[in-house]
1. When you scan the range 315-328, do you find a residue that is open to solvent by 70 Å² or more (accessible area, probe 1.4 Å), under 30 Å from Pro186 (Cα atoms) and touching a Pro at 6+ places or on another chain (Cβ under 7 Å), even just one?
2. Mind checking which residues of the range 247-284 are modelled with pLDDT under 95 and of a type in the set (A, V, I, L, M)?
3. Given (1) closer than 18 Å to Pro53 by Cβ; (2) touching a His at 6+ places or on another chain (Cβ under 9 Å), where does Gly153 come up short, assuming only one miss?
4. Does Gly101 satisfy the condition of being assigned by TED's automatic domain parsing to the domain that holds Thr142, on the phi > 0 side of the Ramachandran plot and surrounded by fewer than 13 Cβ atoms within 10 Å (Cβ to Cβ)?
5. Among the residues in the range 349-365, are any buried (at least 16 other Cβ atoms within 10 Å of the Cβ), touching a residue at least 12 places away in the same chain (Cβ under 8 Å) and farther than 20 Å from Ala204 by Cα?
6. On the basis of being assigned by TED's automatic domain parsing to the domain that holds Pro366 and in contact (Cβ under 8 Å) with a residue 40 or more places away in the chain, does Gly250 make the cut?
7. What are the residues in the range 173-190 that are open to solvent by 10 Å² or more (accessible area, probe 1.4 Å) and within 16 Å of the ligand (Cβ to nearest atom), if any?
8. Condition first: farther than 28 Å from Phe169 by Cα and open to solvent by 50 Å² or more (accessible area, probe 1.4 Å). Can you find one or more residues in the range 268-284 that meet it?
Amino acid sequence: MSDHDEHDEHEHGPDTVLHVGGAAPYDVVVGHHLADRLEDLVGDARRVAVICPEALQDLAEEVATPLVESREELEVTVLVVPDGEEAKTAEVANDCWEALGEEGFTRSDVVVTLGGGATTDLGGFVAASWLRGVRVVHVPTTLLAMVDAAVGGKTGINTAAGKNLVGAFHEPSGVLCDLSLLESLPRAELVAGLGEVVKCGFIADPEILRLVETTDPDDLVASSPVLRELVERAIAVKIDVVVADLKEAGGSEVSGGHPGREALNYGHTLAHAIERFESYGIRHGEAVAIGCVFVAELAHRAGDLSADVVERHRTAFGRVGLPTTYAAAPFEDLVAAMRVDKKARGSVLRFVVLDDVARPRVLAGPSEEHLRAAYEALA
Ligand SMILES: O=C(O)C(=O)C[C@@H](O)[C@H](O)[C@H](O)COP(=O)(O)O
């Protein structure tokens, strides 16, 4: 992650600044080589804790060095956490709290997360809970974290009962989406990130679907202007939704009503159940693709979604290389896992479904017959 220079400006155009309004406004910057923006975001902090997975330790040092050099009194500590979902445990959060305690971290200090969605979820949660909330700046290094996890303030860890069951809403004070970091991202990780992008296309922005359907998937690489447009569009979808309903309070069964923030959970009810069943051995974006096809099948049976739009799910997710079939888990196990989904109310399962592209709503209490048939359609 190096500094932005004239060459970047010439080759990739100016950085894009997407503003997130609300009670705690912040900017999401999309561009190339954004390291020089971090100093401003750290502001007058005395201490910075950079939370990153082991594989990104060198990058963390690269980020830390200019900060240390920028101000004599600034202390920067790198906290290394496990890779992926293994970081999202109470034990790892506790290790981070202990480290912040040893550093004497105060309310004016700053956590910087550097990593994928699991790192931003964990680091955001540590920042949300330490002293009941210190500033956090996210520097996402995967496509999924850029378009989803780093934006909107959801933070959390997993428990034995399921994914993200403990957490807090804690908005970052800034997000730096440095697309040059995607150059070294394994292809499968980039493809997984496209799962959340395509999801945004279905719930709110048909132009995303058009771009995905008309671009050669091999051209979706870090330096591609189309990828950048997809990133910016997906973030814009997310910003619109979280500004209107930060704490997911608007999800209701009011007929014809938009589900508020729950719309972003499209495909996630089954996705989280599959991830848990697979002991997080499947990438989140892959599970989301499967979950979206499932819920499209459900909406076709229990609602108004046309067979054409169901098929469009298969082609859009499949085109970028994401899975659209799944049969590994017994239906009953997945239903049991879905019962602890945050959208469930009492014994009633609730799903975000579509009536058409960009027309999301909540479906409450679908019949077991419809659920089973939708799951069987994934096989
Ligand atoms: O930001 C949201 O709201 C979302 O639901 C976005 C999801 O894509 C994301 O995976 C989120 O972390 C899932 O949240 P959860 O509340 O279902 O745990």
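1. yes
2. Selection gives Ala249, Val254.
3. All conditions pass for Gly153, except number (1).
4. So Gly101 fails the test.
5. yes
6. Taking the combined requirement at face value, the residue does not satisfy it.
7. Of everything in the range 173-190, just one residue is open to solvent by 10 Å² or more (accessible area, probe 1.4 Å) and within 16 Å of the ligand (Cβ to nearest atom), namely Glu189.
8. no
The values are calculated or read from the model by the stated rules, or taken from the named source; none is laboratory data. Just so it is clear, the structure is predicted and the values come from calculations on it, not from any experiment. Cβ coordinates were reconstructed from backbone atoms using ideal geometry, including for glycine residues, and neighbour counts include every protein chain displayed. Please note that ligands, DNA and RNA were not included when accessible areas were found on the heavy atoms of the full protein model with its side chains. Shrake-Rupley method; radii C 1.70, N 1.55, O 1.52, S 1.80 Å.
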